[in-house]
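Taking it in order: structure first as structure tokens, then the write-up.
Just so it is clear, none of the values below were taken in a lab; they were calculated from the coordinates. Worth saying up front: this structure is predicted, and the values here are computed from it rather than measured. For neighbour counting, all protein chains shown are included, and Cβ atoms are generated from backbone atoms with ideal geometry for every residue, glycine included.
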Amino acid sequence: MRQGLLRVPLTSLAPGLVPLSPEVARYVSRVHRLREGERFLAFDPERALEAEALLVGSGKGPSAARIDVVRAASLVPRRAVTLIQCVGKGDKLDAVIRDATELGATRVVAALSARCVARPQGDRGGRWRRVAVEAARQCGRGDAPRIEGPLPLTEVLEALDGEAAVCLDPRAERSLGTWLGGMLGDAGGRRGIALLVGPEGGLSEEEMDACSSAGFVRVRLGRFTLRTETVCAAALGALLALDDDAQERADAVG
């Protein structure tokens, strides 16, 4: 793939002539000033596919893309990472989803806990999906995380499927760094990870006990109490850096 091409999300990516929606056609031709005959990089965030595309159209402007070869996306996360984020006020979850996408989360679950003040109404899932796809486009990622919820926290805890799970708790004795160091150095290699972040008021003791019963390890992130929307970037950033470091060491040995 040539570097520097405009990246455009397209669903149902396949060889041949792919129609562009009016929104996508307007985006490439009016926002980015691409003309017929110019190329861009199309990617399918649902199936982690990508392809060089040639912009074609009628006399009224670009309306389709001609695609020859479709291949697996070159940049996707190496590890399955689930972020369980208790819903915060306003548009905080938009920012969390954007950060989580850029930092390699493969699944984001919006959870409703006892101290959640906000209770999202309407089709927030569609909006959150658009936020994730746009973040993937901007950061060069070839897929986008699966977005779920909002769901009751108890239901989310029951649905875990073998991930190594941690709950962020500023009062915990064990640090996230210590836990990650041990887990990433484990012979388990590519085991999935789940991170749970509470709302503005934190999780109740009953919810903390439920997390422990579900197999979550309580860990702290530094000495300070972070805002709920800040924890995602800090925790996933640490995971990404340590995981890359562990992979480099494994590659050097191998």
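Here are some notes:
- Among the chymotrypsin sites (Phe, Trp or Tyr not before Pro) found in the range 156-254, those both in a DSSP coil and sparsely packed, with 15 or fewer other Cβ atoms within 10 Å of their Cβ, are F224.
- When the chain is described by a simple charge dipole with +1 on each Lys and Arg Cβ and -1 on each Asp and Glu Cβ, the residue from G4, L151, L195 located farthest towards its positive end is G4.
- With contacts taken as Cα pairs under 8 Å and at least 6 residues apart, the range 81-253 reaches a relative contact order of 31 percent.
- Longest to shortest principal axis, alpha-carbon extents of the chain, angstrom: 65, 51, 29
- Whole-angstrom gap from the range 180-254 to the range 1-36, using each part's C-alpha centre: 37 Å
- Label-point separation in nm, D245 to L17, each point 7 Å along Cα→Cβ: 5.4 nm
- Over the chain: helical MRE at 222 nm, DSSP H runs n ≥ 4 each giving -39500 (n - 2.57), nearest 500: -10000 deg cm²/dmol
- Dipole in debye (nearest 20) - the chain, about Cα centre, beta carbon charges: Lys, Arg +1; Asp, Glu -1: 940 debye
- Selected from A164, G215, V24, residue furthest toward positive end of dipole (the chain; charges at beta carbon): V24
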